[in-house]
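The values are calculated or read from the model by the stated rules, or taken from the named source; none is laboratory data. All values reported here derive from a predicted model rather than from experimental measurement. Cβ placement follows ideal geometry from the backbone for every residue including glycine, while neighbour counts extend to all protein chains displayed.
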Amino acid sequence: MNTTNVFIHPTANIHPKAILGEGTKIWINVQIRENAQIGKNCIISKDVYVDFDVKIGDECKIQNSVSIYNGVTIENAVFVGPNVAFTNDKIPRAFNKDWKVTPTLVKQGASIGANATIVCGITIGQFAMVAAGAVVTKDVDPFALVAGNPARKIATVDELGNRVQEGA
């Protein structure tokens, strides 16, 4: 584990094979599993779970109680709000011993609001925004603002998140 200029709270559980980028801060009760890669200058907040082989880019902010499971890749400068849940099993059954991980990609600059659920197998485009509580079941276009259950495009946003066009 690389810990150069990294803050790790004493209650965090970081696997020795995890890779942590310089300037990253890992807070209370975080668990980061083997072969997870977290980029530079990230904030991983209280009670976050990062599964094995997860990849998180530079300058990401992952807020409290987020679960990021194997198969999820998060690019640079992504915001993930509190209690966001990522899934990785498209057809979950407790008795299916042959299930396979279904990957999910969150592109650079995207933001995901509090309590959103990201169903596996989708891509959230660059600088897209997912509203709080949304259930994302299909790809989100770059610069789209989506909301609802299931999430639907309600506006187009600019790189800073300002609405530039209403509607789909």
Enumerate the pairs (first residue in segment 24-41 and charged (D, E, K, R); second residue anywhere and assigned to a loop (DSSP other than H, G, I, E, B) and crowded, with 23+ Cβ neighbours inside 10 Å) with beta-carbon separation below 7 Å, excluding pairs fewer than 6 apart on the same chain, so at least 6 apart or on different chains.
Lys40/Thr24
Could you please give the count of residues in segment 108-122 that are among the aliphatic types (A, V, I, L, M), outside any loop (DSSP other than H, G, I, E, B) and more than 14 Å from Ile62 (Cα to Cα)?
1
Apart from one, (1) under 24 Å from Ser67 (Cβ atoms); (2) over 15 Å from the mean Cα position of the chain (by Cα); (3) part of a strand (DSSP E or B) all hold for Ile154; the odd one out is (1)
If a residue has to be in contact with a strand residue (DSSP E or B) (Cβ under 6 Å, 6 or more places away or on another chain) and either assigned to a loop (DSSP other than H, G, I, E, B) or charged (D, E, K, R) (or both) to count, how many in segment 123-151 make the cut?
9
Among the listed residues Asp58, Asp158, identify the single one that is modelled with pLDDT of 95 or more, acidic (Asp, Glu) and crowded, with 18+ Cβ neighbours inside 10 Å.
Asp58
If Lys40 passes every condition in (1) over 12 Å from the mean Cα position of the chain (by Cα); (2) under 24 Å from Gly148 (Cβ atoms) but one, which one does it miss?
(2)
Tabulated pairs, segment 139-167, first under 22 Å from Ala77 (Cβ atoms), second of a type in the set (S, T, N, Q) and assigned to a loop (DSSP other than H, G, I, E, B), C-beta under 6 angstrom, 6+ apart or interchain
Pro142/Gln126
